[in-house]
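What follows is one structure encoded as structure tokens, with my remarks underneath.
The values are calculated or read from the model by the stated rules, or taken from the named source; none is laboratory data. All figures in this text were calculated on a predicted structure; none of them were measured in a lab. All Cβ positions, glycine included, derive from the backbone under ideal geometry; neighbour counts span all protein chains shown. These area figures cover heavy atoms from the full protein model, side chains too; ligands, DNA and RNA do not enter into them. Shrake-Rupley method; radii C 1.70, N 1.55, O 1.52, S 1.80 Å.
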Amino acid sequence: MDTYDLITRNAEEVVTEEEVRELADDPDGKRVYVGYEPSGVLHLGHLLTANKLIDLQEAGMEVVVLLADVHAYLNGKGTFEEIRDTAEQMKAQFIAYGLDEANTEFVYGSEFQLDEEYTLDLHELELSTTLNRAQRAMAEIQSGETAKVSHVVYPLMQTLDIEYLDLDLAVGGLDQRKVHMLAREELPELGYDVRPALHTPIVADLTSGEGKMSSSEGVTISMEDSTEDLEEKVNSAFCPPTRDPEGDLENPVLELFEYHVFPRFDEIVVERPEKYGGDLTYQEYESLAADLESGELHPADAKGTLATYLDDLIAPGREKLREIRD
Ligand code: IYR
């Protein structure tokens with residue numbers, strides 16, 4: 001696969017294509033990052049951006065994972081001690097999942113975000129950004145709550161992270177786009193360069209195909225799930241025999257194949273008894289989606305196969321979690 005295609009595969013948005021093409025021309029040693037508020041158990045949302053980081057490592061880039069402890073603190077996630085404890089668990093699960101340890105720099109936000117220079121830049125950003133602008137940057141990340149001052153400081157710090165971690169590319173789920181747009185507007189105000197951003201899609205809710213899969217509502221798949229949990233969750237997923245259900249619905253089973261399974265396996269085998277046509281083998285997502293649409297692949301077989309491959313992907317992280325907790 002061509003480097004630009006590898007860097008941008010499965011991305012929902014590339015800001016801007018021209019800037020990312022320039023990176024793709026000379027990817028070696030370029031620094032890219034995703035920031036995560038520490039969480040004790042990884043779920044598919046974390047793994048979707050981790051898949052992108054694995055692509056970027058394969059493209060020769062240097063990956064930085066920001067364990068955003070100060071951001072989690074600003075978001076009311078607990079004391080620093082609690083947050084750091086979950087961050088260590090998060091790090092272990094990312095490595096078990098397949099991030100190349102030798103090539104991944106894990107950085108705690110508090111390692112640089114409390115420095116004098118950073119703080120002074122933050123205050124300068126506070127002066128140059130209107131409350132309204134900062135609040136709009138938080139809209140999708142913080143909703144339904146009366147915003148605190150910490151909630152508007154949050155996107156300003158995320159903006160500065162891009163400069164202070166010396167990054168060439170910021171990666172995040174589509175829910176991070178507003179912050180990244182703010183960063184593109186505000187970094188030049190401080191005399192810093194604008195950096196490109198890459199956004200991964202948001203997967204639909206598993207049982208309804210509507211809205212988004214979320215750890216606070218509905219069903220999520222996480223590193224804690226047993227093989228049986230996975231089978232149960234995937235078997236009750238919404239899976240019409242089409243990739244484009246009507247209205248605002250998505251086919252979450254196909255989305256999981258596309259964003260989670262195909263990027264990590266060269267070949268997918270759907271095991272079927274001879275009397276139902278025997279095994280099916282796929283190298284590409286498109287052929288599997290086409291077979292589901294034509295009726296060649298039954299939704300029940302697609303689900304069973306999805307559960308098996310997801311189980312393979314999370315098994316090492318599940319094992320790691322057990323070790324940590326014992
Ligand atoms: N806002 C992210 C966490 C985060 C991401 C980056 I990129 C940062 O520089 C800092 C924090 C979240 O919603 O999890």
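Computed quantities for the displayed model
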{"quantity": "Hey, GLU228 open to solvent by 60 Å² or more (accessible area, probe 1.4 Å), in a loop (DSSP other than H, G, I, E, B) and over 15 Å from LEU47 (Cβ atoms) or not", "calculated": "no"}
{"quantity": "Conditions (1) surrounded by 15 or more Cβ atoms within 10 Å (Cβ to Cβ); (2) part of a loop (DSSP other than H, G, I, E, B); (3) more than 16 Å from the ligand (Cβ to nearest atom): number failed by ASP266", "calculated": "(1)"}
{"quantity": "Number of the condition not met by GLU163 [criteria: (1) within 16 Å of the ligand (Cβ to nearest atom); (2) of a type outside the set (Phe, Trp, Tyr); (3) over 26 Å from MET181 (Cβ atoms); (4) surrounded by fewer than 19 Cβ atoms within 10 Å (Cβ to Cβ)]", "calculated": "(3)"}
{"quantity": "Residue selected from the range 176-208 under the condition of a type in the set (D, E, K, R), open to solvent by 50 Å² or more (accessible area, probe 1.4 Å) and more than 15 Å from VAL20 (Cα to Cα), by the criterion farthest from the ligand (Cβ to nearest atom)", "calculated": "GLU189"}
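Yes/no per residue for (1) within 12 Å of the ligand (Cβ to nearest atom); (2) more than 26 Å from LEU321 (Cβ to Cβ):
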residue	(1), (2)
ASP26	no, yes
GLY40	no, no
ALA72	yes, no
PHE80	no, no
ARG84	no, no
HIS123	no, yes
ALA134	no, yes
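Yes/no per residue for (1) of a type outside the set (S, T, N, Q); (2) under 30 Å from GLY191 (Cβ atoms); (3) open to solvent by 50 Å² or more (accessible area, probe 1.4 Å):
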residue: GLY78; (1), (2), (3): yes, no, no
residue: GLU88; (1), (2), (3): yes, no, yes
residue: GLN93; (1), (2), (3): no, no, no
residue: LEU99; (1), (2), (3): yes, no, no
residue: ASP115; (1), (2), (3): yes, yes, yes
residue: GLU124; (1), (2), (3): yes, yes, yes
